[in-house]
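Step one of this worksheet: look at the structure below.
The values are calculated or read from the model by the stated rules, or taken from the named source; none is laboratory data. Every value quoted in this text rests on a predicted model; they were computed, and no experiment measured them. Reconstructed Cβ throughout: ideal geometry from the backbone, glycine too, with neighbour counts over all protein chains shown. Calculation scope for accessible area: heavy atoms of the full protein, side chains included, ligands and nucleic acids excluded. Shrake-Rupley method; radii C 1.70, N 1.55, O 1.52, S 1.80 Å.
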Amino acid sequence: MQVATFCRMDHELVVTRRGSRSGLPITVAVHSTARGPAAGGCRIKQYPHWRDGVTDALRLSAAMTGKTTIAGLPLGGGKTVVAVPPGHVFDRRDLLLDIGDTIAFLDGRYATGPDVGTGPDDMAVIAERTTHVFCRPQSAGGSGDSSLHTAIGVVAALRAVCEQRFGTADLSGRSFAILGLGRVGAHVLRLLATEKAHLVAADVDDTRRDLAVRHGAAWTSPQDCLNAGVDVLVPAALGGLLTAATVPGLRCAAIAGPANNQLDEPATARLLHERGILWAPDVVVSAGGLIHATAVELLHETPEQVTARLHDIGTTLTRILQRAAAAATTPATVVDQLLAGDSI
Ligand code: PHE
């Protein structure tokens, strides 16, 4: 008889409950509170099965610990995921109040923020049930929409990547394929257009096409965007797009974007490295929104201090990329070393 291998539980606390008003399965995963209360966004998204939402919450919350640690914030990592059954129509307010109750139940161990499928107005409703919420609208006393700040951090990261890969941080004339024009992707598109970059863009939602064209981007299918022959691919939608199946088809020289958990599994970083594609770890690239919200709402920093923190994303990434190059290893490996307590 085979003896099952016991897999250690990495998370401090995981709560899944059926919302009393909405009936929807809400998971809050608290990966770590070692550095401070766990923080991480609230994702509302369709999943084939509610257990898939739990799995995603586990992965996303662990990534948040990486994000807060590398960014040097006094926070741990957590995430909320609401798994909406395909095609299910729900009362948004009911669901948000249920989410608020679930976060209140955790009594300060976790604070939420916006993520895929949620924004500042949703945070204001969640805040009716708990104080542990970032990014309420400014009119409601919060730091507001974090997506522009995430995008500013992404551009800082893109400069660092271009410097490392092409020898110059100048983005003008460089080509980028932006995969996903949601809140953050749309800001990245606009900022890169301002830099006079060559742009390709895609989104599963065809209504985003106008926005792309208005900023001078060539509109493609998501598949063609993924495989575009550009300097840098910018994943700005859902994660899991870099896999053993998709890496061979890539035609970019580097990848850096705000999507969380871009690799399907850690080993994929090595596949990218072997193909000569420089991959900037998403826990570093995507931290701008969280950094802004924390610096404003928790640390009460000045706008200058907040701007400096966003700029630091580029500095930190440069150090990581340089150390990886010097050791002929992947940037992902360097991030793992940092999370294990090394300094650079
Ligand atoms: N969605 C954000 C992220 O993945 C989470 C967040 C943003 C949390 C802002 C709090 C404040 O980093």
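Here are some notes:
- For trypsin sites (Lys or Arg not before Pro), the sites in region 205-257 that DSSP calls loop and that have at most 13 other Cβ atoms within 10 Å are Arg251.
- Rounded to whole numbers, the Karplus 3J(HN,Hα) couplings from phi for region 150-160 are 4, 5, 4, x, 5, 5, 4, 5, 5, 4, 4 Hz, using 6.51 cos²θ - 1.76 cosθ + 1.60 with θ = phi - 60°, and x at Gly and Pro.
- Binning the C-alpha pair distances of the chain at 10 Å intervals from 0 yields a P(r) profile of 6, 26, 35, 25, 8, 1, 0 %, listed from the shortest bin outward.
- Solvent-accessible surface (1.4 Å probe) assigned to Val306 amounts to roughly 10 Å².
- Taking amide H atoms as placed 1.01 Å from N in the peptide plane, the amide H of Ser32 lies under 5 Å from those of Glu12, Gly77, each 5 or more residues away in sequence or on another chain.
- Computed from backbone phi, the HN-Hα couplings of region 234-249 come to 10, x, 10, 10, 7, x, x, 7, 9, 9, 4, 7, 8, 4, x, x Hz, rounded to whole numbers (Karplus: 6.51 cos²θ - 1.76 cosθ + 1.60, θ = phi - 60°; Gly and Pro given as x).
- For region 147-339, a crude dipole built from +1 on the beta carbon of Lys and Arg and -1 on the beta carbon of Asp and Glu, taken about the Cα centre, is about 380 debye to the nearest 20.
- Debye, to nearest 20: dipole size of region 26-158, +1 on Lys, Arg Cβ, -1 on Asp, Glu Cβ: 400
- Test item: Cα-centred dipole of region 160-270, Lys/Arg +1 and Asp/Glu -1 on Cβ, debye: 180
- Rounded tilt (10° steps) of 183-194 against the dominant C-alpha axis of the chain: 30
- Only one residue of Ala228, Gln305, His187 has its Cα farthest out toward the positive end of the dipole of region 147-339, where Lys and Arg carry +1 and Asp and Glu -1 on Cβ, and that residue is Ala228.
- Here the chain exposes an accessible surface that is 52 percent carbon and sulfur, computed with a 1.4 Å probe and the other protein chains kept in place.
- Rounded to whole Hz, the Karplus (6.51, -1.76, 1.60) HN-Hα couplings of region 21-30, x for glycine and proline: 8, 8, x, 8, x, 10, 10, 10, 9, 9
- Percent RCO, i.e. relative contact order, over the chain, from Cα pairs under 8 Å lying at least 6 residues apart: 14
- Relative contact order for region 124-175, counting Cα pairs under 8 Å that sit 6 or more residues apart, in percent: 17
- Ranked by the mean number of other Cβ atoms within 10 Å of their residues, highest first, the peptides 277-284, 30-37, 98-105, 324-331 fall in the order 277-284, 98-105, 30-37, 324-331.
- Our estimate of slack between Arg270 and Ala325, defined as 0.36 nm per intervening residue step minus the Cα-Cα distance, is 18.5 nm.
- With a simple spin-label model that places each label point 7 Å from the Cα along the Cα-to-Cβ direction, the separation between Glu301 and Ala169 comes to 1.7 nm.
- Nitroxide proxy distance, nm - points 7 Å out along Cα→Cβ at Arg92 and Ser20: 2.4
- Cα pair distances of region 4-140 binned at 10 Å [whole percent]: 14, 46, 32, 7, 1, 0
- Sequence-distant residues sharing a close amide H with Thr118 (under 5 Å, placed H): Ile44
- Once backbone amide H atoms are built at 1.01 Å from N, Arg174 has His198 as its partners under 5 Å, excluding neighbours fewer than 5 places away on the same chain.
- Expected 222 nm ellipticity per residue - DSSP helices of 4 or more, -39500 (n - 2.57), all of the chain, to 500: -12000 deg cm²/dmol
- Gained length - Ala245 relative to Asp224, 0.36 nm times residue gap less alpha-carbon distance: 6.1 nm
- For Lys45, the lysines whose Cα comes closer than 20 Å to its Cα, not counting residues fewer than 8 places off in the same chain, are Lys79.
- Each 5 Å bin from 0 upward holds the following percent of the Cα-Cα pairs of region 147-339: 1, 8, 17, 22, 21, 16, 9, 4, 1, 0.
- Candidates Ala83, Ser147, Ala256 compared by Cα position along the dipole of the chain: farthest toward the positive end lies Ala256, with charges placed on Cβ.
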